[in-house]
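Asker: I'd like to ask you about the structure that follows.
The values are calculated or read from the model by the stated rules, or taken from the named source; none is laboratory data. Everything quoted here is computed from the prediction, not taken from an experiment. We place every Cβ from the backbone using ideal geometry, glycine too, and count neighbours over all the protein chains shown.
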Amino acid sequence: MTEITGAPVCPPAVTELRDRVAAFVRERVMPGEPVLDAGGPEAATLLRSLQREARAEGLWALPLPAELGGQDLPLASYAHVAEAEGASDHGPAALGSAPLLDALMLWRHGTPAVRDRYPARLAAGDLRACYAMTEPGVPGTDPFLTATRAVPRDGGGWRVSGRKWFTSAAADADLVTVLARTDGEAPDREGLSLLLVPARTPGFRVVRELPVLGAGGQWEIALDDVAVDAAHLVGERGEALAVAGERLQLGRTLRCLRWLGQARRAFDLMRERAATRTGSRGPLGDLQLIQRHVFESLLALRTTRPLVYEAVARLDAGLDARVEVGLAKVAAARTLQQVADAAIQVHGAEGLGPDTPLPALFRTGRAARILDGPDELHIASVARRALRMP
């Protein structure tokens, strides 16, 4: 993987670890991507094998808290590792960092019963979790219109009814955190709560897979009068958006880092193609239009990376990072789409086919501009805050 220089530089103490992770992803994970992308029993077997190898090499669960069996790598250090890890969509799962958001959320905001039962098992890879927020027919950018409802049940606890969609990894999840209205009526700004639903609970079902530009991994789920224990309320009643906001800031920043890793992967493929492909007029890289693709891609990478690390620095310091995360999210998604598109153009027809990862990288970049908050949401949110700045 090419080193995209410019601030910030990876600290020397982290460089060796980052390089080990990069080698693991490049040599172990990437060759298995066709199997992992296809899903099914063979993919599950390969993923378990990769996870055993990651544990054996001391690369498992690097950013997770030590109390949960992780290695407690601080965010400022893990950020450099996350770039290398994220060069493959399957890197975080293979290396045990994929449960970070769910494990932290339950560890920080779960009841004692939830804290004792689930976060460590998530960190160990024994359980899988997903997060269900958006709904069919409801703008994903407006949680106040959430239609899923949770009502108190006799004897305590809740009964949850509603439908969610574009829920990542729902088909294989053991636990689903569901955003539901427990009080008031839409579009009240108060009254939304988070409830942890075991996927085997009667009334919970996976409705269908929702391919994104032809690729799987997103699902629609239904909750039909699902009984949820009172101890499975995550955070305070009616305070879901505070917990969700904390999760979203970290989650978006981690995704930006991983998108950077994927953009660098596309850039490397483009560089190699331009340097090695020779036609009747000489090397492809001698053509000015190809050089322009390389230049524009490098410019995008070098200008986006500092934005992402500014968000990392503010989160690591415990500061409000909403402006920085919004800037980073838009820039990183655009950069991945732009660099992958340029790499496809340089590869020609081969870049559209199954022999390179470029179609998948482009698909991820395009989807990134909508999923987890469309560009327009972040642009408007950051602009409003900028207009209020002194």
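Asker: Just one of 331, 311, 300, 340 is in contact with a helix residue (DSSP H, G or I) (Cβ under 9 Å, 6 or more places away or on another chain), among the small types (Gly, Ala, Ser), under 21 Å from residue 26 (Cα atoms) and assigned to a helix (DSSP H, G or I); which is it?
Answerer: 340
Asker: Looking only at segment 109-121, filter to residues that are touching a residue at least 24 places away in the same chain (Cβ under 8 Å) and over 16 Å from residue 230 (Cβ atoms); which one of those is surrounded by the most Cβ atoms within 10 Å (Cβ to Cβ)?
Answerer: Here the residue is 119.
Asker: Okay, moving on. Sort through 87, 98, 94 and tell me the only one that's in a helix (DSSP H, G or I) and either aliphatic (A, V, I, L, M) or farther than 19 Å from residue 175 by Cα (or both).
Answerer: Selected residue: 94, the only one of 87, 98, 94 that is in a helix (DSSP H, G or I) and either aliphatic (A, V, I, L, M) or farther than 19 Å from residue 175 by Cα (or both).
Asker: Here is a further query. Could you please find all residues in segment 243-283 being among the aliphatic types (A, V, I, L, M), surrounded by fewer than 20 Cβ atoms within 10 Å (Cβ to Cβ) and more than 30 Å from residue 178 (Cβ to Cβ)?
Answerer: Listed by number, the list holds a single entry, 275.
Asker: Scan segment 210-222 and report the pairs whose first residue is without any contact (Cβ under 8 Å) to a residue 40 or more places away in the chain and whose second residue is surrounded by 15 or more Cβ atoms within 10 Å (Cβ to Cβ), with Cβ atoms within less than 8 Å and a gap of 6+ or a chain change.
Answerer: 211/218
Asker: Still on this model: Conditions first: (1) under 30 Å from residue 89 (Cα atoms); (2) more than 18 Å from the chain's Cα centre (by Cα); (3) buried (at least 16 other Cβ atoms within 10 Å of the Cβ). Residue 126 passes all but one, so which condition is the exception?
Answerer: Just one mismatch for residue 126, condition (3).
Asker: Looking only at segment 66-85, decide whether some residue is among the acidic types (Asp, Glu), touching a Ser or Thr at 6+ places or on another chain (Cβ under 7 Å) and not assigned by TED's automatic domain parsing to the domain that holds residue 171.
Answerer: yes
Asker: Here's a follow-up. Looking only at segment 259-295, how many residues end up being part of a helix (DSSP H, G or I), without any contact (Cβ under 8 Å) to a residue 60 or more places away in the chain and not hydrophobic (A, V, I, L, M, F, W, C)?
Answerer: 8
Asker: Condition first: part of a strand (DSSP E or B) and farther than 29 Å from residue 370 by Cα. Can you find one or more residues in segment 196-218 that meet it?
Answerer: Within segment 196-218, none of the residues are part of a strand (DSSP E or B) and farther than 29 Å from residue 370 by Cα.
Asker: Could you identify the single residue in 224, 286, 229 that is over 25 Å from the mean Cα position of the chain (by Cα), over 30 Å from residue 39 (Cα atoms), in the same structural domain as residue 157 (by TED's automatic domain parsing) and surrounded by fewer than 19 Cβ atoms within 10 Å (Cβ to Cβ)?
Answerer: None of the others qualify; the one that does is 229.
Asker: Oh, and also: Any residue in segment 348-361 that is hydrophobic (A, V, I, L, M, F, W, C) and within 30 Å of residue 73 (Cα to Cα)?
Answerer: Among the residues of segment 348-361, at least one is hydrophobic (A, V, I, L, M, F, W, C) and within 30 Å of residue 73 (Cα to Cα), which makes the answer yes.
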